[in-house]
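Student: Sharing a structure below in structure tokens format, with a few things to ask.
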Amino acid sequence: MSDPEASSFVGRIVFGSADTRIRATWRIVVTLVVIFGGALFGAVLLQGFPLPTWIAPVAGHLFATIAAIGGITLMARYIEHREISDYGFSISIGWWLDLFAGVLFGCLLVGVAFGLNYVRGGIIIVDTIAIGNAPSFSLGFLVSILAWILVGFWEETLFRGHFLTNAAEGLKTRDFSLKASLFGALVSSSVVYGVLHGPFGSNPSGDSLFYALAMTIAMGGLFGIAYILSGELAVPIGLHIGINFAEHNLFLGSPESAIPTILRVEQAGSGTAVQFQSMDAIVMVPVFALGYILVAGWFYSRQGTIESYTDLVHHPPISK
């Protein structure tokens, strides 16, 4: 292959045919590497600082958040030629209202899951109002909330705001229909989210990785639907914050948790920790169904209709 042919081949692999930007696949990969690289750098750096265990979650996610802000800003300006608001940050009073609603929905879903599983005898309450290793309950609680805010922000910015947006746009350029592009983007972003939280994430001992993966994908799909129906990250971020907060600090605290918890529970029979998305299907299927209904109902009440935000599949203007 001659040099001009090789150059042309590489160009076709790296750059899209519809505009001068690199292909959507590479935009997604680069952003994943940058943000997770920042998170890994932070984790390695923190090894040299013996932080109290109740503070560690905030410190770790802070680096990922900084990487997300920096990575998305650079991608938007120099690679994707977008406005930051195009990733779901058209901030307004309505945006904050959606965020608050998402937090409430997330807490409600975990609360319902706890209630159903407790009634079935699947979990046992082993402690209440536990302080963990924090110097005070209120301080530890506030630090935990900050950690979940950081998690919700950087993960939803990455997986929904950036990943889903670029995947939908990339599929549309390959002549997929609008609905097919959005559905493909929803599935792909949810699967990657599920893999990074299941097989490569945390999972209680004895629980099926495959089942946890399936349920985490369903949860990612819930966040993704909220993004597709609005084009904004307010409800997805709120849901993410609410689920994490309610799981770890309200209803499903681990018996060995270092952070303050209202309830500490364990799985009946095995005595192992309880993870929200690892609960039995007889609990999680109706809980996630409720979640999808709540999200759809919320946007119907806000917008008077349930429609996809079609701008997700449109090319932004290319800067000259």
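Student: Would you please name the residue that is surrounded by the fewest Cβ atoms within 10 Å (Cβ to Cβ), looking only at residues in the stretch 29-82 that are of a type in the set (Phe, Trp, Tyr) and outside any helix (DSSP H, G or I)?
Tutor: In this case the residue turns out to be Phe49.
Student: State which residue pairs qualify: first residue within 16 Å of Met279 (Cα to Cα) and open to solvent by less than 20 Å² (accessible area, probe 1.4 Å) and inside the stretch 232-256, second residue of a type outside the set (D, E, K, R) and in a loop (DSSP other than H, G, I, E, B) in any location, beta carbons under 8 Å apart, and separation of 6 or more residues or different chains.
Tutor: Pairs that qualify, where the first residue is within 16 Å of Met279 (Cα to Cα) and open to solvent by less than 20 Å² (accessible area, probe 1.4 Å) and the partner is of a type outside the set (D, E, K, R) and in a loop (DSSP other than H, G, I, E, B), are Ala246/Leu252; Glu247/Gln275; Leu252/Val274; Leu252/Gln275; Gly253/Ile259.
Student: Another question about this same structure. Would you tally the residues in the stretch 114-165 being among the acidic types (Asp, Glu) and under 17 Å from Ala59 (Cβ atoms)?
Tutor: 1
Student: Looking at Thr25, Thr20, which one is modelled with pLDDT under 75 and either of a type outside the set (A, V, I, L, M, F, W, C) or crowded, with 17+ Cβ neighbours inside 10 Å (or both)?
Tutor: Of the residues listed, the single one that is modelled with pLDDT under 75 and either of a type outside the set (A, V, I, L, M, F, W, C) or crowded, with 17+ Cβ neighbours inside 10 Å (or both) is Thr20.
Student: Sticking with this structure for a sec: Of the residues Phe153, Phe114, Phe89, Phe105, only one is closer than 27 Å to Tyr193 by Cα, at pLDDT 95 or above and not in a helix (DSSP H, G or I); which?
Tutor: The conditions single out Phe89.
Student: Here is a further query. All but one of (1) at pLDDT below 90; (2) under 27 Å from Leu312 (Cα atoms) hold for Ile72, so report the exception by its number.
Tutor: (1)
The values are calculated or read from the model by the stated rules, or taken from the named source; none is laboratory data. Predicted model, so just to flag it, every value in this text is computed and none were measured. Here Cβ is always computed from backbone atoms with ideal geometry, including for glycine, and neighbour counts include all displayed protein chains. Note: accessible area is taken over every heavy atom of the protein model, side chains too, but ligands, DNA and RNA are not part of it. Shrake-Rupley method; radii C 1.70, N 1.55, O 1.52, S 1.80 Å.
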